[in-house]
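This report refers to the structure that appears directly beneath it.
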Amino acid sequence: MDDEFPAAVPEIPVSDMNAALDYYEHKLGFNIDWGGAEGGIAGVSQGQCRMFLTDRDFRGQHGNEPPVMIWLNLSSNAEVDDLFEIWKAAAVKIVAAPESKPWKLHEFTAGDLDGNLFRVFYDFSRDTR
């Protein structure tokens, strides 16, 4: 095994797979890679970010339910601000606008149809070293 783990792939619980796929593709800008309502699981991605959307039947044995929080780590304050503007223009549910926090994260929060949250951030503590 390598010394490094690969990027984690979160499982996002959704109530209506078709509506979720439409929202993730047309509002949030993800690609639908595979799957769908028939199997109860779908893979979506955008760049290096990959996630699995799962419906109630698929995740029934584990009992995980929405909402969940997904953190998206971007590369700069400007990227955070740019994605905020893109999602705002696409009518994504915005929970909190971009703000530089005392804990050295520049972040905003957005939501999906099931109340799952995306906390989009850049860790600017690296900029002060």
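A few remarks follow.
- Checked against the criterion of being open to solvent by 40 Å² or more (accessible area, probe 1.4 Å), of a type in the set (K, R) and at pLDDT below 95, the candidates R119, R50, R126 yield just one match: R126.
- Sole residue being more than 30 Å from K104 (Cβ to Cβ) and acidic (D, E), chosen from E11, E79, E4, E65: E65
- Some residue of the range 13-20 being polar (S, T, N, Q) and either on the phi > 0 side of the Ramachandran plot or in contact with a Pro (Cβ under 9 Å, 6 or more places away or on another chain) (or both): yes
- Answer residue from the range 14-53, given it is among the aliphatic types (A, V, I, L, M) and part of a loop (DSSP other than H, G, I, E, B) and is farthest from L83 (Cα to Cα) among those: A37
- Within the range 16-36, being small (G, A, S), more than 18 Å from V92 (Cβ to Cβ) and open to solvent by 20 Å² or more (accessible area, probe 1.4 Å) holds for one residue alone: G35.
- Out of S45, S100, S76, one residue alone is in contact (Cβ under 8 Å) with a residue 12 or more places away in the chain, closer than 20 Å to A8 by Cα and either surrounded by 12 or more Cβ atoms within 10 Å (Cβ to Cβ) or of a type outside the set (F, W, Y) (or both). It is S45.
- Among the candidates A7, A90, residue that is over 13 Å from the mean Cα position of the chain (by Cα), of a type in the set (A, V, I, L, M, F, W, C) and open to solvent by 50 Å² or more (accessible area, probe 1.4 Å): A7
The values are calculated or read from the model by the stated rules, or taken from the named source; none is laboratory data. As the structure is a computational prediction, the values presented were derived from the model and not from experiment. Glycine also receives a Cβ, built like all others from the backbone with ideal geometry; neighbour counts cover every protein chain displayed. Quick note on the areas: whole protein, heavy atoms, side chains included, nothing else; ligands and nucleic acids left out. Shrake-Rupley method; radii C 1.70, N 1.55, O 1.52, S 1.80 Å.
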